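A single structure is presented below for examination.
The values are calculated or read from the model by the stated rules, or taken from the named source; none is laboratory data. For clarity, every value in this text was computed on a predicted model and none was experimentally measured. Cβ: placed from backbone, ideal geometry, glycine included. Neighbour counts: every protein chain shown. For the accessible areas, the whole protein counts, side chains as well, though only heavy atoms, and no ligand, DNA or RNA atoms are used. Shrake-Rupley method; radii C 1.70, N 1.55, O 1.52, S 1.80 Å.
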Amino acid sequence: LILTATGEPENILEPLKQDLPSLLVVSQVEWGTNLAPEATPTERFSTLFVEVKPADGQKCERCWIWSTEISPKNICPKCVEALSG
């Protein structure tokens, strides 16, 4: 997801930036700097726009999250840590 926000939505989401992929159940969340024509305004906030694009990287064979840091065993860093512990 690419989120473009100003004002109240930005203030609400900014502290959650690291957790947004988990909260929104997506592989990646980016902050948009320019509003793309494909971006959809949200119903609740007129200054929050959402654009959906395919995630970068490859799919982890364990958790199915897309990551740009897939290991030689085809798993993401989070799964590498979980399996090594």
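Connecting C-alpha atoms closer than 10 Å in a GNM of the chain, tell me which of Lys73, Lys53, Lys17 has the biggest fluctuation.
Lys73
Tally Lys and Arg at +1 and Asp and Glu at -1 over the other residues with C-beta under 14 Å from the C-beta of Ser46: what net charge comes out?
So the surrounding residues net to -2.
Taking the highest mean first, how do the peptides 45-52, 18-25 order by number of other beta carbon atoms within 10 angstrom per residue?
The packing order, highest mean first, is 45-52, 18-25.
Averaged per residue, what accessible area in Å² does the stretch 45-85 show with a 1.4 Å probe, protein chains only?
Dividing the accessible area of the stretch 45-85 by its residue count gives 76 Å².
List the relative contact order of the chain as a percent without decimals, with contacts defined as Cα pairs under 8 Å and 6+ residues apart. Show your work: numbers first, answer last.
Numbers: 116 pairs, mean separation 23.0, N = 85.
Relative CO of the chain lands at 27 percent.
Per residue of the chain, what 222 nm ellipticity follows from adding -39500 (n - 2.57) for every DSSP H run with n ≥ 4, rounded to the nearest 500?
Estimated from H runs of four or more residues: -5500 deg cm²/dmol.
Per the Cauchy relation, a quarter of the hull surface: what is the mean projected area of the convex hull of the alpha carbons in the chain, in nm²?
6.3 nm²
Computing the accessible area with a 1.4 Å probe over protein heavy atoms, can you report the carbon and sulfur percentage for the chain?
With neighbouring chains kept in place, the figure for the chain is 53 percent.
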